[in-house]
1. Determine the per residue accessible area of the protein assembly as shown with all protein chains present and a 1.4 angstrom probe, expressed in square angstrom.
2. Once the whole set of protein chains is in place, how much accessible area is left on A:PHE162, using a 1.4 Å probe, in Å² to the nearest 10?
3. Which value, in square angstrom to the nearest 100, describes the accessible area buried between chains A and B on both sides, using a 1.4 angstrom probe?
4. Quick one: check the C-alpha center-to-center distance for region A:142-169 versus region B:64-142, whole angstrom.
5. Taking Cα pairs under 8 Å and at least six residues apart, what relative contact order does region B:8-141 come out at, in percent?
6. With a 1.4 Å probe and all protein chains in place, put B:GLU118, A:GLU180 in order of accessible area, largest first.
7. Give me the inter-chain shielding for B:25-34: mean count of other chain Cβ atoms within 10 Å, whole number please.
8. Between copies, how far does the label point of B:ARG169 sit from its twins, in nm, shortest first, when each point is 7 Å from Cα along Cα→Cβ?
2 protein chains.
Amino acid sequence: MAKLQKSIDKRNALIKATIELVNNNGFHATPMSKIAKMAKVSPATIYLYFENKQDLVNKTYIEVKAKYTDYAFANYNESMSVKTGFETIWKRIAEFKLNEYEHAMFLAQCDNTPMIDEPSLKEGIKHLQPLLDLWERGKQEGIIKPVSNYLLYAYAVSPLSFLMIAQKRGAFQLDKEQIEEAYQSAWSSIKKCEQ
Amino acid sequence: MAKLQKSIDKRNALIKATIELVNNNGFHATPMSKIAKMAKVSPATIYLYFENKQDLVNKTYIEVKAKYTDYAFANYNESMSVKTGFETIWKRIAEFKLNEYEHAMFLAQCDNTPMIDEPSLKEGIKHLQPLLDLWERGKQEGIIKPVSNYLLYAYAVSPLSFLMIAQKRGAFQLDKEQIEEAYQSAWSSIKKCEQ
DNA sequence: AAAAAAAGAATGAACGTTCATTTTTGTCTA
DNA sequence: TAGACAAAAATGAACGTTCATTCTTTTTTT
């Protein structure tokens, strides 16, 4: 067990270093040698855990995406009403983007860049399924606008990415009240009018 | 004039090649030699027009950003009402993101990556000023929600970036009706309630 | 024919990856 | 239980390649 434990620690250190360095310098400007140094490991050791640099960054993406969605759905269960369920998920997503912004920034970079290969991007999308299922239910119940889930996501969730980046750049600071207001705006955007 | 003309053509070809290659491969995977080849120019020639690779990509960013905002404000003038002005600008932004998506994708990558240096990012932001001015006027007139311009942008404009990327990835297709609906959603998000 | 622009080849540095070797871990034997 | 030994893990140095940039020469322009 000691052996396995040690390995997992190193793997985690490599993933952590990758996130931090890619966030600060971008994929192109983070050499394997720097990742190794930050993880306190020899460059050669990386290749015991990952096939190559692309594999390292793909796996990092998938792990961070899983972390994101675990976080988002932590307080949610399917017996909730559509409205409560959405509020629960949305607020967790907001919390993640604003508190765990190292991870959120990394995802934003991956999602706007040809950094990650297609299969890994596909893999990452799967994790959002519970939110899509909730919306489908909402549409059937006549509570949610009968439009594509892409539109719902764009209206209600994607603004949080913009706010996270503006906040991270120090442009302004979000407080509790603004988050509540942003939530109301998100819900208004996706709920069926005048129910 | 012939000399200058020729130079501008080459410069434009270099900028165009940079956009296309960075879009497809990312900054890290587009060597100067490929940019040169696509622009039908020797690698050494690039250095007659730009200081170095970073300068090339910075200048490309600023040019594309200027193109974006010129496009966005083309039909707008300050004598319009707040509501009409916003609709005019918003629809042009939508058009740009969906039709000129090569340029829009490039901007998205720049804005989510440490690819562009800080001064050039700052330079690029300036161009949005007319929209911010319009919002300030709207707040004074009691038409627009009295909240930070960052929030207004997040609610009303940033969803378009998400939709552009989804569309570009072939995930789904936006039609006229959905754009109109997205506009209504955007306007609802920023207008002061129940005026 | 001088000056400017452009070209291709050359250069040196940096990078991803691999190789040969050492260190650590875990197991088996006496 | 001590010690030997095989397997696994880890390492630092080395390799070959690629890249941004520069140098020298050629072509074009005026």
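1. With all protein chains present, the protein assembly as shown gives 49 Å² per residue.
2. 60 Å²
3. Buried area (both sides, nearest 100 Å²): 3000 Å².
4. Rounded to whole Å, the Cα centres lie 19 Å apart.
5. The value is 27 percent.
6. B:GLU118, A:GLU180
7. Per residue, the average neighbour count from other chains is 3.
8. Result for B:ARG169, in nm, nearest copy first: 2.2.
The values are calculated or read from the model by the stated rules, or taken from the named source; none is laboratory data. Here the structure is a predicted model, which is why all the values come from computation and not from measurement. Reconstructed Cβ throughout: ideal geometry from the backbone, glycine too, with neighbour counts over all protein chains shown. SASA here: full protein model, heavy atoms, side chains in, ligands and nucleic acids out. Shrake-Rupley method; radii C 1.70, N 1.55, O 1.52, S 1.80 Å.
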